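Below: the structure, in C-alpha cells.
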Amino acid sequence: MPDILIAPSVLSADFLRLGEELAALEAAGADLIHLDLMDGHYVPNLTFGYPLIQAIRTHTSLPLDAHLMVTNPADYVERLADLGVNWISFHQDTQPHSHRLLSKIRDLGMKAGVALNPSVGPETLDWILPQLDYVLLMSVNPGFSGQSFIPSVIAKTAALRATTSQLDHHIHIEVDGGVNAQNAGLLIDAGADMLVSASYIFNSENYSTAINNLRRSPSS
C-alpha cells in the first residue's frame, strides 16, 4: 500500500449503481472502502446495515474500514468480522471498557481504532494508544456527509502525531470529514496518513484524478 491511504466513503455513492461504483473506485486507486455505520441514536441519522455490507464485500477486494457511530459498538464487531470487515473504529465515549473491545477487535483479526469527535482532545487516548492500530479524527461533527471541514483538526493531527511518534509501533492517523484537495496536503504535513473522502470523490468527474489529488496535494 502507498504511504498515504485514501478511503472513499460509500455514503456518498450512488447506491443504485453500487457495484459499478466500487469497481470504479478500485480501478481509480482507492486503498480502502470506508463504511459509515450510524444507528440514529449516537448520531441523528441512519445509514446501512449488515446486508449492504455483505453486498459490498462481494463486489470489492479492497479492505473495508468500518466507522461505528453507534451507542453499542461491542454488539457489532463479531458480525462485521464474519462479513469480512478489516478495520473497525468506535467512539470511546460509547464504550466504558475500551481496552476490552480493542482486544476483541484485534483478536478477531481486524485492525482496531478509536474515533474522536472534533471537540475531544487526543490526550484522552494516552492510556490506550499502545493498543491502537489507528485513530480516526473527525473533522466534522459526525452524522451527515457533505459538511464543511473544521480547520482545528490540523493542529490536533499534529499533536497526536507528536505523541504517537514516541511509541514503539506505528499508529495510523485517519481524518474524516470535508477532506478535499485544498486541505489534504495540510493534513498530510501534520501527520495524517489515511484520508476519508466522500463528496469530493463522488462529485468529481474522474475518481482517479480526485484520489490522486488527495494523495499528492501540496500544502501550499
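Please tell me if Ser165 is surrounded by fewer than 18 Cβ atoms within 10 Å (Cβ to Cβ), of a type in the set (S, T, N, Q), within 17 Å of the chain's Cα centre (by Cα) and modelled with pLDDT under 95. Lay out the reasoning, then the answer.
Numbers: surrounded by fewer than 18 Cβ atoms within 10 Å (Cβ to Cβ): yes; of a type in the set (S, T, N, Q): yes; within 17 Å of the chain's Cα centre (by Cα): no; modelled with pLDDT under 95: yes.
For Ser165, the condition - surrounded by fewer than 18 Cβ atoms within 10 Å (Cβ to Cβ), of a type in the set (S, T, N, Q), within 17 Å of the chain's Cα centre (by Cα) and modelled with pLDDT under 95 - is not met.
Working only within region 88-141, note down all residues that are among the aromatic types (Phe, Trp, Tyr) and farther than 20 Å from Thr71 by Cβ.
Answer for region 88-141, where residues must be among the aromatic types (Phe, Trp, Tyr) and farther than 20 Å from Thr71 by Cβ: Trp127, Tyr134.
Please pick out the residue among Asp3, Asp14 that is on the phi < 0 side of the Ramachandran plot, exposed (fewer than 15 other Cβ atoms within 10 Å of the Cβ), in contact with a helix residue (DSSP H, G or I) (Cβ under 8 Å, 6 or more places away or on another chain) and of a type in the set (Asp, Glu).
Every option except Asp14 fails the conditions.
Can you find, within region 73-86, the residue that is surrounded by the fewest Cβ atoms within 10 Å (Cβ to Cβ) among those that are under 21 Å from Pro142 (Cα atoms) and either free of Cβ contacts under 8 Å to residues at least 24 places away in the same chain or in contact with a Phe, Trp or Tyr (Cβ under 7 Å, 6 or more places away or on another chain) (or both)?
Selected residue: Asp75.
Among Leu160, Leu137, which is buried (at least 23 other Cβ atoms within 10 Å of the Cβ) and either in a loop (DSSP other than H, G, I, E, B) or touching a residue at least 40 places away in the same chain (Cβ under 8 Å) (or both)? Steps first, please.
On the way: Leu160 fails: either in a loop (DSSP other than H, G, I, E, B) or touching a residue at least 40 places away in the same chain (Cβ under 8 Å) (or both).
After applying the criteria, what remains is Leu137.
State which residue is modelled with the highest pLDDT when the search covers only region 194-220 and only residues that are crowded, with 20+ Cβ neighbours inside 10 Å and assigned to a loop (DSSP other than H, G, I, E, B).
Going through the qualifying residues, I end up with Ala198.
The values are calculated or read from the model by the stated rules, or taken from the named source; none is laboratory data. Everything numeric here is computed off the predicted structure, so don't read it as measured data. A quick note on method: Cβ atoms are made from the backbone with ideal geometry, for glycine too, and the neighbour counts reach across all protein chains shown.
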